[in-house]
Each structure stands twice: as structure tokens, then as C-alpha cells.
Amino acid sequence: MWSQKQRYIYLLFVVNIFTVIFMTVLRITMPSNFSVNSGLTGYWEDTYMWLTIYFDIAFCAVTCWQNEKINLSQSWHLVAADERKTYLANVSTSMVACALFFFLQQIINGILLLPGYGLNSFIQVYRDFQLWPAHYDLMRDVLLHWLFIIMIILLIYLFVSFANFASRMITDFLPFKSTLWIRLLVIAILVVVAVYSGLIIFSHLETLIDIKRMSPHANIIWQYDPMWLDTLILFIVNLIFDSIDLWFVHSFVEPKIANY
């Protein structure tokens, strides 16, 4: 299971390196007015975070696809183990793969920022993502940022599995022959409903939770949205989706594999 995902870590990491080299050569040979004024170091200081996020999204999509291949693979279900444990191991290895890929990315980013920050660049790249304490940051807030990101990635994996399992169960009970297009339609409906419901829920929570405060030293109104509360909400949502997915695996996927 891990070896299957390990290949994609190194594959996308190599693509990431070549992308950085290509963008660097492009900026040197075809500099814009901005890059001439700020230099190559300034260009990467303003660009590396977006490039990291784009590759993180791509890697997350690849691991989602790999997760669902394993979830519905007959060869994996022939292993003498509880199907729910196999499912949890599948999600866990994807989370570890994401962590390793992000760590490798930060090594590249640290090298890119070496001219501007020196050896401190390897810490600065984590500070820019608010994953390392700066001068006035509390370690508690940094840990909450780490936990918040973990909850977001876990939610993506759990919801993709939920959409996959639910769409297969729905199409299996339809009176006519199921096709790929019907499954894609069901998945699209589930995604739209989930996103719409999430926007409604979070908008109401924002109204109820955000506290408008008046600064005693200036006439400024600002909103306070505690990170711990957002993380707690994501944790509860993840528990719900995880419970549903485990039920799908035990009640639907496992019997279906056993009947082959």
C-alpha cells in the first residue's frame, strides 16, 4: 500500500524540481519589469508558496485516486484483515505521504530562499505557512495551524471515499443498468450538495461565532474567528464522514467483494 503511493511522491517531486528549474531559467532569460527590479530572490519569495500549494493540490488529487483504487481493489480485499482496518490504513498512508511530500517541497523552497535568508530560509518557509513560530507567535497557535491543515486534508480523503461509496451504492440500486456517466452525475450532485451545505453551515457559524470587538486604542472593528473552533468543527465533520465510510466498507464493499 505504501509502496504504491511512494512512487507518486517521488514522481511529483521530480516534476516539482523541473518546474522550479524551468521557471528559474524562464525568469533569467525573459525577465519582466518586476523580476528586474526585485531580482530572482524576490521573485521566488512571492511565488514559491503558490507553486507549493498547486503541487499539494495535485498530489492530493493523485492520492485520492490511489485511495479509491485500493478501496475497491479485489486483490487488497483478499488480504486476511478487517476491511475497516484496511480502509483506515489506506487513509493513514496517504496522510503520511502528504506529510513527506510537503517536507520535500520545503527543502526546495528553503534552497530557493537561501540568497535572501541564508540558512534561516529553511525555517522561514515554515513561518510563511504559519507552521513555525515567529517572534510573537505562540506555539499553541502554530500547533493549531498544523492540526487545521491535517483536518482539511483528512476531510478531502474522507469525503472523496464517501462520494465514491455512496455513488456506487446508489447506482447499484437503480432499476436500469448503471454506467460511468450515471456515477459521475451522482458524484457531482453529492459534491454540489456538500459544498452548498458547507457554505450555509459555515456562514451561519460565522454569524454566530465571530465576535465583533472595538479596539480600546483605535476606532477599529475587527472580527475574531478562533482557529481552535474551526479545527474542532472539522474534527467533528471528519468523525461523521469516517463513521459513514466505515459503515459503507463493512456493509457494502466487503459483502460485494466476498460475492465475487
Conditions (1) of a type outside the set (Ser, Thr, Tyr); (2) modelled with pLDDT of 90 or more; (3) over 20 Å from Val20 (Cβ atoms); (4) over 18 Å from the mean Cα position of the chain (by Cα); number of the one not met by Leu78: (2)
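For every residue, the table says whether it meets (1) outside any helix (DSSP H, G or I); (2) modelled with pLDDT under 80.
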| residue | (1), (2) |
| --- | --- |
| Tyr157 | no, no |
| Ser161 | no, no |
| Ser167 | no, no |
| Ser178 | yes, yes |
| Ile182 | no, yes |
| Ile187 | no, yes |
| Asn219 | yes, yes |
| Thr231 | no, no |
Total residues in the stretch 88-122, condition surrounded by 15 or more Cβ atoms within 10 Å (Cβ to Cβ), without any contact (Cβ under 8 Å) to a residue 24 or more places away in the chain and either in contact with a Gly (Cβ under 9 Å, 6 or more places away or on another chain) or not assigned by TED's automatic domain parsing to the domain that holds Phe59 (or both): 3
Some residue of the stretch 234-244 being surrounded by 14 or more Cβ atoms within 10 Å (Cβ to Cβ) and at pLDDT below 85: no
Lone unmet requirement of (1) modelled with pLDDT under 90; (2) outside any loop (DSSP other than H, G, I, E, B); (3) surrounded by 17 or more Cβ atoms within 10 Å (Cβ to Cβ) for Gln130: (2)
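The values are calculated or read from the model by the stated rules, or taken from the named source; none is laboratory data. Just so it is clear, the structure is predicted and the values come from calculations on it, not from any experiment. Virtual Cβ from ideal backbone geometry, glycine too; neighbours counted across all protein chains shown.
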